[in-house]
Amino acid sequence: RAFEQELKRAFENKDFELFYQPQFSTADRSLTGAEALIRWNHPERGLLTPVSFIEVLSHKPSAGDVGAWILRTACRQAALWRARVPNFRIGVNLFEAQFRSGRILTDVRDALAEFGLAPEALELEIVENVLLRNDAGTLKLLNNLRKLGVGLAFDDYGTGFASLSLLKRYPVSRLKIDRSFIRDVHVNPGDEAVVMAVLYLGRRFGMEVIAEGVETEAQLRFLKQNDCPEVQGYLLGRPVPASEFEARFIRKQ
Ligand code: G
Ligand code: G
Ligand code: MN
Ligand code: NA
């Protein structure tokens with residue numbers, strides 16, 4: 001109850017904000033897109049990062065409304081930036097509840113139409129537990145989303161239990177290598193093996209690959225040398241408000 005009240009107030013006060021983290025091509029370090037990450041400017045508790053509220057939120061009926069707001073806001077922003085950066089793409093994380101409610105397809109279609117955003121400019125990020133549900137409804141929904149032309153990224157790839165078999169079944173267009181494998185990739189043979197295997201899977205399945213959590217030049221060098229096409233991480237840019245993203249990454253283009 002109390003949480004739902006707080007959410008309602010947060011919406012009325014416009015306390016939610018999307019931050020954007022840049023993504024880059026390893027070939028020439030050009031900007032390719034951004035991942036949208038929600039923040040809550042809480043009047044009493046300050047700036048909240050999602051770890052403190054996503055878990056609770058994802059089990060509430062209002063997760064669908066927050067999810068729709070995130071989609072609209074991200075698509076509006078991406079349409080503006082895509083006019084300045086060719087092929088700019090926006091990544092949006094989805095809640096599991098958005099799949100259960102069945103409104104995701106409509107929400108995505110509406111958000112694209114409202115801002116005239118090309119479907120290929122939107123990439124939906126999905127974590128394994130969504131795919132693990134493994135029912136006909138989920139498969140059909142994901143196929144319908146892909147038919148719209150939007151991308152589907154498998155988030156935190158490699159950390160789950162069934163990461164390999166899921167690739168055969170679902171229309172995934174990109175693998176996001178989890179940052180736990182990137183941290184020591186250039187020094188730990190086990191991590192190197194995992195990352196090389198994901199790059200190989202990407203090529204064999206015709207999926208794109210991006211490495212997350214790139215924090216050092218040494219990691220970046222390794223990824224570039226091994227043909228990982230794109231990277232994201234603190235080395236190249238932390239998640240920042242839209243105005244700051246524009247000043248630092250869009251105006252330079
Ligand atoms: O931004 P940060 O690194 O604190 O994000 C922490 C976690 O919250 C990540 O797992 C991320 O996927 C999730 N998250 C961040 N923003 C969103 C969002 O807009 N929607 C959903 N569903 N999850 C998000
Ligand atoms: O689960 P998901 O991949 O959506 O989460 C993205 C989260 O990773 C965000 O909370 C973001 O702030 C965080 N993040 C992004 N880049 C880095 C990085 O280079 N290092 C670390 N430790 N976290 C990162
Ligand atoms: Mn993500
Ligand atoms: Na991730």
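Listed values, structure above:
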read-out: Options PRO22, PRO43; residue that is touching a residue at least 12 places away in the same chain (Cβ under 8 Å) and touching a Gly at 6+ places or on another chain (Cβ under 8 Å); value: PRO22
read-out: Residue in the stretch 206-229 that is among the charged types (D, E, K, R) and within 11 Å of ligand 2 (Cβ to nearest atom) present; value: yes
read-out: Test for PHE99: is it of a type in the set (Phe, Trp, Tyr) and either under 17 Å from the mean Cα position of the chain (by Cα) or crowded, with 19+ Cβ neighbours inside 10 Å (or both); value: yes
read-out: Residue selected from the stretch 1-38 under the condition within 16 Å of ligand 3 (Cβ to nearest atom) and under 21 Å from HIS59 (Cβ atoms), by the criterion farthest from the chain's Cα centre (by Cα); value: ILE38
read-out: Every residue from the stretch 236-249 that is surrounded by fewer than 18 Cβ atoms within 10 Å (Cβ to Cβ), away from ligand 4 (no atom under 16 Å from the Cβ) and not charged (D, E, K, R); value: PRO241, SER243, ALA247
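A quick yes/no check of all residues on (1) over 27 Å from PHE222 (Cβ atoms); (2) surrounded by 15 or more Cβ atoms within 10 Å (Cβ to Cβ); (3) touching a strand residue (DSSP E or B) at 6+ places or on another chain (Cβ under 7 Å); (4) of a type in the set (A, V, I, L, M):
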{"position": "GLY116", "(1), (2), (3), (4)": "yes, no, no, no"}
{"position": "GLY137", "(1), (2), (3), (4)": "yes, no, no, no"}
{"position": "LYS140", "(1), (2), (3), (4)": "yes, no, no, no"}
{"position": "GLY151", "(1), (2), (3), (4)": "no, yes, yes, no"}
{"position": "PHE154", "(1), (2), (3), (4)": "no, yes, yes, no"}
{"position": "SER165", "(1), (2), (3), (4)": "yes, no, no, no"}
{"position": "VAL172", "(1), (2), (3), (4)": "no, yes, yes, yes"}
{"position": "GLY190", "(1), (2), (3), (4)": "no, no, no, no"}
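Each reported figure results from applying straightforward, stated rules to the coordinates on display, with no laboratory input. Here the structure is a predicted model, which means the values were calculated and not measured. Backbone-built Cβ (ideal geometry, glycine too); neighbour counts: all protein chains shown.
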